[in-house]
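The values are calculated or read from the model by the stated rules, or taken from the named source; none is laboratory data. Treat the numbers as computed from the prediction; the structure is a model and nothing was measured. Glycine also receives a Cβ, built like all others from the backbone with ideal geometry; neighbour counts cover every protein chain displayed.
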Amino acid sequence: MAVYVGYGGAVKVGTTTVAEIGEWSLDVTLNTEGAESFGDQWKEFIGTLKEWSGSCSGRWDMTDTQGQKAMQDALLGGTTVTLKLYVDGTKNYSGTALITKISPKASVEGVVEVSFDFQGTGALTYSAT
């Protein structure tokens, strides 16, 4: 069984690694619809549409013009970005997404942090190479 450590991960916008990101999460969902008919005593389901969404977070850095600032600009402009979420140096999930939320956070005792939420639009792919 292979075990992966988190420090091998990354988030990319296009081909650019987003600076200062230290965490990402991904949710992939298959919607279902009931497929029962009269006489059935058990529910049956069929898969319908799929969707994906997620978030990433880390230290705030708007000098990262091709990464964090590009994500902020996409949200403000209502445009999409191509995201790649890396598990390690080669394994990644990839797709086109809308940035739906940015949440900067400042604390007197800490560094300025930021999180981004995204909603996939279209297919999500996985690559192991």
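General remarks:
- Some residue of the range 64-83 being farther than 30 Å from Ala2 by Cβ, in contact with a Lys or Arg (Cβ under 8 Å, 6 or more places away or on another chain) and either among the charged types (D, E, K, R) or modelled with pLDDT of 95 or more (or both): yes
- Selection within the range 13-23: residues that are assigned to a strand (DSSP E or B) and of a type outside the set (Ser, Thr, Tyr). The member of this set that is farthest from Asp88 (Cα to Cα) is Val13.
- Among (1) within 17 Å of Tyr126 (Cβ to Cβ); (2) out of contact with any strand residue (DSSP E or B) (no Cβ under 9 Å at 6 or more places or on another chain); (3) surrounded by 14 or more Cβ atoms within 10 Å (Cβ to Cβ) - the single one Ala2 does not satisfy: (3)
- Positions within the range 5-36 being over 25 Å from Ala123 (Cβ atoms) and either modelled with pLDDT under 95 or charged (D, E, K, R) (or both), in sequence order: Val5, Gly6, Tyr7, Glu20, Glu36
Yes or no, residue by residue, for (1) closer than 28 Å to Ile102 by Cβ; (2) not in a strand (DSSP E or B):
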site	(1), (2)
Met1	no, yes
Val11	yes, no
Ser25	yes, no
Phe38	no, yes
Gly47	no, no
Ser53	yes, no
Asp64	yes, yes
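- Hits in the range 70-129 (condition: among the small types (Gly, Ala, Ser) and assigned to a helix (DSSP H, G or I)): Ala70, Ala74, Gly77
For every residue, the table says whether it meets (1) surrounded by fewer than 10 Cβ atoms within 10 Å (Cβ to Cβ); (2) touching a strand residue (DSSP E or B) at 6+ places or on another chain (Cβ under 6 Å); (3) at positive phi; (4) not basic (Lys, Arg).
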| position | (1), (2), (3), (4) |
| --- | --- |
| Lys12 | no, yes, no, no |
| Asp27 | no, yes, no, yes |
| Thr32 | no, yes, no, yes |
| Glu36 | no, no, no, yes |
| Asp40 | no, no, no, yes |
| Leu49 | yes, yes, no, yes |
| Cys56 | no, yes, no, yes |
| Gly67 | no, yes, no, yes |
